[in-house]
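> Let me begin by handing over the structure; questions about it come next.
The values are calculated or read from the model by the stated rules, or taken from the named source; none is laboratory data. Computed from a prediction, not measured in an experiment: that's the story for all the values here. For neighbour counting, all protein chains shown are included, and Cβ atoms are generated from backbone atoms with ideal geometry for every residue, glycine included. Accessible surface areas use protein heavy atoms only, side chains included; no ligands, DNA or RNA. Shrake-Rupley method; radii C 1.70, N 1.55, O 1.52, S 1.80 Å.
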Amino acid sequence: MIQIEKISFSIHGDGRGSLIAVENNKEIPFEIKRVYYIYGTNDGVTRGLHAHKKLKQVAICVSGSCTITLFDGFDKKQIFLDKPSEGLIIKEMIWREMHDFSEDCVLLVLASELYDEADYIRDYNEFMEAVKNDIYS
Ligand code: T46
């Protein structure tokens with residue numbers, strides 16, 4: 001069964017509002033080499049639709065909400081994200097789809113590697129073959 005791993009970040013709140021800090025190998029279980037964010041997603045759009053051979057990521061919905069579906073080749077789970085204080089760990093060899101973005105959704109992603117198109121598996125059948133034959137583990 002696919003394990004859903006979430007991280008709860010400490011909120012430094014005071015009369016002015018809230019602040020969350022995340023550090024390499026502390027709150028985040030790897031060295032962060034890249035940060036990107038997804039926003040202004042059009043209604044009805046599904047993003048992702050791929051897996052990564054090696055990349056590990058933590059996804060944080062810093063504004064609004066979205067749903068992420070994770071599939072390990074056997075089991076599928078949908079995770080609703082709507083808290084800036086919560087990170088979803090997305091490990092290697094997991095097919096991911098992000099959908100149901102609210103208009104104000106900003107999805108921040110912390111990644112363990114620099115951008116490398118060769119690390120993507122964008123073909124679903126290739127992903128299923130790789131899982132079946134344990135190719136990238
Ligand atoms: C993932 C999910 C959660 C770059 O040039 N550098 C980057 O670091 C990234 C992430 C993307 N790009 C380019 C590649 C494409 O031309 O930006 C364009 C859109 O990327 P993509 O279609 O892969 O975006 P998503 O939202 O489908 O997937 C992204 C990440 O690529 C992926 O690693 O796990 O978010």
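> Defining a contact as two alpha carbons under 8 Å apart and six or more residues distant in sequence, what relative contact order in percent does the chain show? Don't jump to the answer; show the numbers that get you there.
Values: 302 pairs, mean separation 45.8, N = 137.
Reported as a whole number, the value is 33 percent.
> Follow-up question, since we're still on this one. Give the carbon-plus-sulfur fraction of the accessible surface of the chain in %, rounded to a whole number; probe 1.4 Å, heavy atoms of protein chains only. Don't skip to the end; give the middle numbers.
Numbers: 3960 of 8170 Å².
Carbon plus sulfur share of accessible area: 48 percent.
> Could you work out [θ]222 nm for the chain from helices alone, using -39500 (n - 2.57) per DSSP H run of at least four and dividing by all its residues? Round to the nearest 500 deg cm²/dmol.
Theoretical 222 nm ellipticity from helices: -2000 deg cm²/dmol.
> Then there is this: R0 = 35 Å: FRET efficiency of Ile7 with Tyr115, Cβ-based, nearest 0.05?
Calculated transfer efficiency: 0.95.
> So, for the range 1-122, what is the accessible surface per residue at a probe of 1.4 Å, expressed in square angstrom?
Working: 6990 Å² over 122 residues.
The answer is 57 Å² per residue.
> Mark the label point 7 Å from the Cα of Arg122 along Cα→Cβ and return the residues of the range 18-60 whose backbone N is within less than 17 Å of it.
Within reach of a label on Arg122: 46-55.
> Excluding ligands and nucleic acids, what accessible area in Å² is computed for Glu126 using a 1.4 Å probe, to the nearest 10?
Here the residue's solvent-accessible area equals roughly 90 Å².
> Then there is this: Could you tell me the accessible area of Lys91 in Å² (1.4 Å probe, neighbours in place), rounded to the nearest ten?
90
> Taking K and R as +1 and D and E as -1, what net charge do the other residues with C-beta under 15 Å from the C-beta of Pro84 add up to?
-2
> Using all Cα-Cα distances in the chain, what percent lands in each 10 angstrom bin from 0 up to the longest?
The calculated distribution, bin by bin, is 12, 41, 36, 9, 2, 0.
> Can you sort Leu81, Leu19 by solvent-accessible area, 1.4 Å probe, largest first?
The residues order as Leu19, Leu81, largest area first.
> Calculate, for Asn133 and Ile32, the FRET efficiency according to 1/(1 + (r/R0)^6) with r their C-beta to C-beta distance and R0 35 Å; round to the nearest 0.05.
Values: r = 31 Å, r/R0 = 0.89.
Taking R0 as 35 Å, the efficiency between Asn133 and Ile32 is 0.65.
> Let's see if you can work this out: charge +1 on each Lys and Arg Cβ, -1 on each Asp and Glu Cβ, no other charges. What is the dipole magnitude of the chain about its Cα centre, in debye to the nearest 20?
220
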